[in-house]
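Encoded as structure tokens, the structure appears first; notes follow it.
The values are calculated or read from the model by the stated rules, or taken from the named source; none is laboratory data. Values in this document were obtained by computation on a predicted structure and should not be read as measured data. Here the Cβ positions follow ideal geometry from the backbone for every residue, glycine too, while neighbour counts run over all protein chains shown.
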There are 2 protein chains.
Amino acid sequence: MKSDDFEAWTLLAQRSVEVALEDWVPSDAPARLGVAMRYGVLDGGKRLRPLLVLAASEAVHGLPEAALRAAVAVELIHAYSLMHDDMPCMDNDVLRRGKPTVHVQFGQAQAMLAGDAMQALAFEVLTPDGDAVPPALQARLCALLARSAGHAGMAGGQAIDLASIGLNLDEGCLRDMHRRKTGALLQASVLMGAACGSAQPRAWRALADYGAAVGLAFQVVDDILDVTQASETLGKTAGKDQHHNKPTYVSLMGLAAAHRHALELRDQAHAALAVSGLADAARLALLADKVVERDS
Amino acid sequence: MKSDDFEAWTLLAQRSVEVALEDWVPSDAPARLGVAMRYGVLDGGKRLRPLLVLAASEAVHGLPEAALRAAVAVELIHAYSLMHDDMPCMDNDVLRRGKPTVHVQFGQAQAMLAGDAMQALAFEVLTPDGDAVPPALQARLCALLARSAGHAGMAGGQAIDLASIGLNLDEGCLRDMHRRKTGALLQASVLMGAACGSAQPRAWRALADYGAAVGLAFQVVDDILDVTQASETLGKTAGKDQHHNKPTYVSLMGLAAAHRHALELRDQAHAALAVSGLADAARLALLADKVVERDS
């Protein structure tokens, strides 16, 4: 696949997600709740998780309506987790996607409620009335999303993160934390896309491996960018891992080794695609590259 | 139905919910997250929402496994909402079910995360692996729960509640707030139970009316108990509506009229059951009585 084609696909996919978010995140929810929800999710972000959903779905000839709903649902979960993570009782951050965080703009109570409502909205989006998405697929998508967002996935990883401040984790513990905190939802994005089509067991396992590798690579690169980039580039506060005394791949192995590790994980992602048996996985391969090569 | 039978059924139903919660709320979630989740939901509460699910399901000869899962899921959503509602940025309450609230016991960050994880867990419980619950029913239950918990239901009602402090709402606005904040999940409990069986359209509409009446009656009685009962009886801080200067049915219409209104709503609930065409709705009728007659 030419990189021009990939860029064009990316822009188109991002645009379709943006339009769907505009449509499905309510502007009229009561007492400015909808305004806070939209502030927290619209018009920002690279939409990496939705891109993974859509690319995986296309690789298995998935149902486009289901894939778009899955893409929006994972982004809603991701956005709610950022809103809660930025709260004073968690990371206490004031800058996100280049704007004041939701709790700064709307107050803590509204930020918490808007996040809560966005998690529920993710499951609403996955369960539309009518027959646009077969009910069995709706249930499968809800199952994958709930497990990746909950105690065994993202929320569990955040609990480990909180409990790890000031500790020296070994690589196994650090990997476990990140696999849950960031990796679970990234992997679920790939698998939800795969669920929208007819992935054979071999392809399913390969996509799970791909998703795990990309998920961890994303976090290793995040740790690197936190120390190498300025807040203006990231659109969020730089240097905060060190400021909060959090264990990271950089604090564990140093910058050069962390970078090598990210490249290894990218290679693992490529290798998983190679054994998947999927004819049309070029976009997934390029997304793995993008995760590792990004500068923000 | 004799009241002895009803009491025995209630105890048995509560016990089955308690056992299921014990089984399905993980004790081993990382970094004490599971401990906080279990603290917030086990061993307390009247389990009214699960009782409504189970009674409605029995009235339509619903699938017991699906009904038990629905019962647990609504209780998880209810419990998470209390955990977040008690946070300092919301109601700032320190007493719940006769114990220190979750944020007092585990800290604010853990309370927020445990609530987040419990919302996800509700959707996990509704989407079990295997064929114990047909996928189409899983999807239907997720759809009902998500809509009642989100911006148009519970979370939206809480946003109105927050925005209404110190305001004099008229009865229409107060009813709208409570229909969302408390009523939506109570009504969803009834409808999720109904979805577990084969409710005909007439029965479905009647159960929706029953659920709406019981949902509002519950809140009117809550407003009454807040001024007439001591904290020890309630297991939560009494008098807090007035303390927070929140509009209530008591502040709007006075104690006697609020009590009459609760009785009217109970009668509406009974009337809805009478037109439902359901042969076996006695437990639902008695649950409506219980909601109005409770003293805590």
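A few comments on the model shown:
- Residue within the range A:82-90 that is in a loop (DSSP other than H, G, I, E, B), buried (at least 24 other Cβ atoms within 10 Å of the Cβ) and in contact with an Asp or Glu (Cβ under 6 Å, 6 or more places away or on another chain) present: yes
- Residue tally, condition over 18 Å from B:Leu82 (Cβ atoms) and in contact with an Asp or Glu (Cβ under 7 Å, 6 or more places away or on another chain), over the range B:223-238: 0
- Residues of the range B:98-114 classified as surrounded by fewer than 17 Cβ atoms within 10 Å (Cβ to Cβ), assigned to a loop (DSSP other than H, G, I, E, B) and either away from chain A (no Cβ under 11 Å) or among the polar types (S, T, N, Q) (or both), total: 1
- With respect to the conditions (1) farther than 18 Å from A:Arg49 by Cα; (2) touching a Cys at 6+ places or on another chain (Cβ under 6 Å), A:Val133 lacks only one, and its number is (2).
- Only one of A:Val227, A:Val275, A:Val292 that is among the β-branched types (Val, Ile, Thr) and either without any contact (Cβ under 8 Å) to a residue 60 or more places away in the chain or loosely packed, with under 13 Cβ neighbours inside 10 Å (or both): A:Val227
- Taken together, the criteria exclude B:Ala117 from residues that are free of Cβ contacts under 8 Å to residues at least 60 places away in the same chain, closer than 30 Å to B:Cys196 by Cα, crowded, with 24+ Cβ neighbours inside 10 Å and in contact with a Leu (Cβ under 9 Å, 6 or more places away or on another chain).
- Helices (runs of 4 or more DSSP H) wholly inside the range A:132-239 containing at least 1 residues that are out of contact with any Pro (no Cβ under 6 Å at 6 or more places or on another chain) and within 14 Å of chain B (Cβ to nearest Cβ): A:135-149, A:154-163, A:171-178, A:184-195
- Checking each residue in the range A:99-119 for being closer than 30 Å to B:Gln138 by Cβ and at pLDDT below 95 picks out no residue at all.
- Check on A:Gln200, modelled with pLDDT under 95 and under 13 Å from A:Ala59 (Cβ atoms): yes
- Of everything in the range A:51-70 that is touching a helix residue (DSSP H, G or I) at 6+ places or on another chain (Cβ under 9 Å) and assigned to a loop (DSSP other than H, G, I, E, B), the residue that is farthest from A:Ser16 (Cα to Cα) is A:Val60.
- Answer residue from the range A:240-254, given it is among the polar types (S, T, N, Q) and either touching a Phe, Trp or Tyr at 6+ places or on another chain (Cβ under 8 Å) or not in a helix (DSSP H, G or I) (or both) and is nearest to A:Asp223 (Cα to Cα) among those: A:Thr248
- Number of positions in the range B:82-95 that are within 15 Å of the chain's Cα centre (by Cα) and away from chain A (no Cβ under 14 Å): 0
- Residue count for the range A:202-239, restricted to those that are under 17 Å from the mean Cα position of the chain (by Cα) and among the aliphatic types (A, V, I, L, M): 11
- B:Ala122 away from every other protein chain (no Cβ under 12 Å), buried (at least 24 other Cβ atoms within 10 Å of the Cβ) and modelled with pLDDT of 95 or more: no
- Filtered residues of the range B:1-38 (kept if over 14 Å from B:Ala122 (Cα atoms) and within 18 Å of the chain's Cα centre (by Cα)): B:Thr10, B:Leu11, B:Ala13, B:Gln14, B:Arg15, B:Ser16, B:Glu18
- Qualifying residue in the range A:43-61 (condition: more than 15 Å from the chain's Cα centre (by Cα), at positive phi and modelled with pLDDT of 95 or more): yes
- Filter pass, B:Asp161 being at pLDDT below 95, among the charged types (D, E, K, R) and within 23 Å of A:Ser27 (Cα to Cα): yes
- Selection of the range A:27-42 for residues being outside any helix (DSSP H, G or I) and either touching a strand residue (DSSP E or B) at 6+ places or on another chain (Cβ under 7 Å) or touching a residue at least 40 places away in the same chain (Cβ under 8 Å) (or both) yields only A:Ala29.
- Residue under evaluation B:Leu76, criteria (1) more than 10 Å from chain A (Cβ to nearest Cβ); (2) crowded, with 24+ Cβ neighbours inside 10 Å; (3) touching a Lys or Arg at 6+ places or on another chain (Cβ under 7 Å), criterion not met: (3)
- Residue count for the range A:1-55, restricted to those that are within 21 Å of A:Ala114 (Cβ to Cβ), of a type in the set (A, V, I, L, M) and either buried (at least 20 other Cβ atoms within 10 Å of the Cβ) or in contact with a Phe, Trp or Tyr (Cβ under 6 Å, 6 or more places away or on another chain) (or both): 8
- Pairs meeting the criteria (first residue in the range A:1-26 and among the β-branched types (Val, Ile, Thr), second residue outside any helix (DSSP H, G or I), beta carbons under 7 Å, at least 6 apart or on different chains) are A:Val17/A:Arg47; A:Val25/A:Leu42.
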